[in-house]
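The values are calculated or read from the model by the stated rules, or taken from the named source; none is laboratory data. Note that the coordinates shown come from a computational prediction; the quantities given were computed from them, not determined experimentally. Using ideal geometry, Cβ is built from the backbone for each residue, glycine included, and neighbour counts are taken over all protein chains shown. Calculation scope for accessible area: heavy atoms of the full protein, side chains included, ligands and nucleic acids excluded. Shrake-Rupley method; radii C 1.70, N 1.55, O 1.52, S 1.80 Å.
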Amino acid sequence: MFKQLSTRNLNWIGITVAILLIFEIVFFHGGSLISALISGFFVYFSWKRLHSLGWKIVFAIAAISFILNVFNLLAVRFLIVAVIVIFILNYIKSTKEPSKEKPGLPNKSGLKEEDPLIQVDNLFDERFFDDFRTEETSYQWKDVNMHGIYGDRIIDLSNTVLPYDTAIISIRHLVGNIEIYVPYEVDVSIHHSSILGRASIFGEYHGRLMNKSLHYETKNYSTAQQRVKIVTSLFSGDIEVKRI
């Protein structure tokens, strides 16, 4: 449904949602937003402990509270109305007689056709609320580009064969911890930014990061053939990068 919208319209929807959230915080002192965040924290915290009956009850209560508070937000109400309007407009458009498609232009002689593209599966399936860990057995390496809201990210490079090139690990995350284990023979560059958290990078420990960025790289990184470039950002959480 949203794929048919232009990027400009999607941006306007996003800006409107942001304005409504700010309006809710300023004039209603956070209102349902703070309650939704607290409930979301308990949902995440209790979800990892569902083996206990008590935590199952906490999870159910927190989940119901989270849903009610989320649907009470002005921004969410606006999104619901926007989705309904978009659905109706798309339905009306689909009932109309489709216009005839223009025939594709023939390939001009002498012009080289574009090379066919091959879609490559990601190493992780994107999910906002979950932990991610690379397989504990051997796996085929693929560059990592992921984002999330809750959960931990654990990447063990000792169970894969890295290319003789630059392997990329890019993680943008809201709340959670990041752990990356790198073989001794691989050179590394690390760019990390955090609002709140701690960092331990090859023995260099930073006990308190508040709106700060770090950049480290091994001595031979610039000339190494086999190397890993790590770019991470966290709102709240710890990062640990160590040899294995």
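Beyond 30 Å, how much of the Cα-Cα pair distribution for the chain remains, as a whole percent? All intermediate terms of the calculation are to be shown ahead of the outcome.
Details: 14579 of 29646 pairs.
It works out to 49 percent of all Cα pairs.
What FRET efficiency, computed as 1/(1 + (r/R0)^6) with R0 = 30 Å and r the Cβ-Cβ distance, is obtained for I118 and I88, rounded to the nearest 0.05?
On the way: r = 38 Å, r/R0 = 1.27.
Once rounded, the FRET efficiency stands at 0.20.
For segment 17-58, treating each Cα as an identical point scatterer without solvent, what Debye log10 I(q)/I(0) comes out at q = 0.26 1/Å?
Log10 of I(q)/I(0), two decimals: -0.79.
Over the chain, what is the relative contact order in percent, taking alpha-carbon pairs closer than 8 angstrom and at least six residues apart?
Answer for the chain is 14 percent.
May I ask you to evaluate 6.51 cos²θ - 1.76 cosθ + 1.60, the Karplus curve with θ = phi - 60°, for each residue of segment 151-158 and list the ³J(HN,Hα) values in order in whole Hz, giving x for glycine and proline?
Karplus values, whole Hz, x for Gly and Pro: x, 9, 10, 10, 10, 10, 8, 7.
Please compute the length gained on full extension between D131 and V161, using 0.36 nm multiplied by the number of residues separating them and subtracting their Cα-Cα distance. All intermediate terms of the calculation are to be shown ahead of the outcome.
Values: separation 30, 0.36 × 30 = 10.80 nm, distance 2.31 nm.
Contour length minus the Cα-Cα distance gives 8.5 nm.
Can you find, among S65, Q119, L214, the residue farthest towards the positive end of the dipole of the chain? Put +1 on the C-beta of Lys and Arg, -1 on that of Asp and Glu.
With unit charges placed on the Cβ atoms, the residue in question is S65.
On full extension of the chain, what length is gained from E217 through K48, given 0.36 nm per residue of separation minus the C-alpha to C-alpha distance?
Values: separation 169, 0.36 × 169 = 60.84 nm, distance 3.48 nm.
In short, 57.4 nm is gained.
For segment 22-67 and segment 199-227, what is the separation of their C-alpha centers, rounded to whole Å?
35 Å
Treating only the Cβ of Lys, Arg, Asp and Glu as charged (+1, +1, -1, -1), what charge dipole size does the chain show about its Cα centre? Round to the nearest 20 debye. Present the calculation step by step, with values, prior to reporting the outcome.
Numbers: 25 positive and 24 negative charges, 167 e Å.
With Lys and Arg at +1 and Asp and Glu at -1, about 800 debye.
What percentage of the solvent-accessible surface of the chain, computed with a 1.4 Å probe over protein heavy atoms, is contributed by carbon and sulfur atoms?
Values: 10310 of 17040 Å².
About 61 percent, which is the carbon plus sulfur part of the accessible surface.
Counting only protein chains, not ligands or nucleic acids, how are K93, K56 ordered by accessible area (probe 1.4 Å), most first? Could the numbers behind the result be given before it?
Numbers: K93 145, K56 105 Å².
Order by accessible area, largest first: K93, K56.
What Kirkwood hydrodynamic radius do you get for segment 136-237 when you take the inverse of the mean 1/r over all pairs of distinct Cα atoms, in Å? Don't jump to the answer; show the numbers that get you there.
Details: mean 1/r = 0.0708 Å⁻¹.
For segment 136-237, the Kirkwood estimate is 14.1 Å.
Please sort by residue number the trypsin sites (Lys or Arg not before Pro) in segment 185-244 whose DSSP state is loop and whose Cβ has at most 10 other Cβ atoms within 10 Å.
Working: sites: R198, R208, K212, K219, R227, K229, K242, R243; in loops: K219.
Listed in order of number, the matching sites are K219.
Modelling each spin label as a point 7 Å along the Cα-to-Cβ direction, I'd like the T95/L21 distance in nm, to one decimal.
3.6 nm
Using DSSP, restrict attention to beta bridges with both residues in the chain and report what percent are antiparallel, rounded to the nearest 5. Don't skip to the answer; put the middle values down first.
Details: 11 of 50 bridges.
Bridges in the chain that DSSP calls antiparallel: roughly 20 percent.
Would you calculate the separation in nanometres between label points at L37 and I195, each defined as 7 Å from the Cα along the Cα-to-beta-carbon direction?
The two pseudo-label positions are separated by 0.7 nm.
So which chymotrypsin sites (Phe, Trp or Tyr not before Pro) in segment 159-216 pass both tests, a DSSP loop state and at most 11 other Cβ atoms within 10 Å of the Cβ?
Numbers: sites: Y164, Y181, Y184, F202, Y205, Y216; in loops: Y164, Y184, F202.
When the chymotrypsin sites (Phe, Trp or Tyr not before Pro) of segment 159-216 are filtered for loop state and at most 11 Cβ neighbours within 10 Å, Y164, Y184 remain.
Counting only the heavy atoms of the protein chains, how much of W12 is accessible to a 1.4 Å probe, in Å² to the nearest 10?
Looks like 150 Å² after rounding.
More than 15 Å apart: what percent of Cα pairs in segment 194-242 qualify? Working shown, then result.
Numbers: 550 of 1176 pairs.
Taking all Cα-Cα pairs of segment 194-242, the fraction more than 15 Å apart is 47 percent.
Which of the GluC sites (Glu not before Pro) found in segment 171-205 are loop residues per DSSP with 14 or fewer other Cβ atoms within 10 Å of their Cβ?
Values: sites: E179, E185, E204; in loops: E185.
In loop regions of segment 171-205 (DSSP not H, G, I, E or B), the sparsely surrounded GluC sites (Glu not before Pro) are E185.
Taking H as built 1.01 Å from N, whose amide H comes closer than 5 Å to the amide H of D131, not counting residues under 5 places away?
It is D152, by chain and number.
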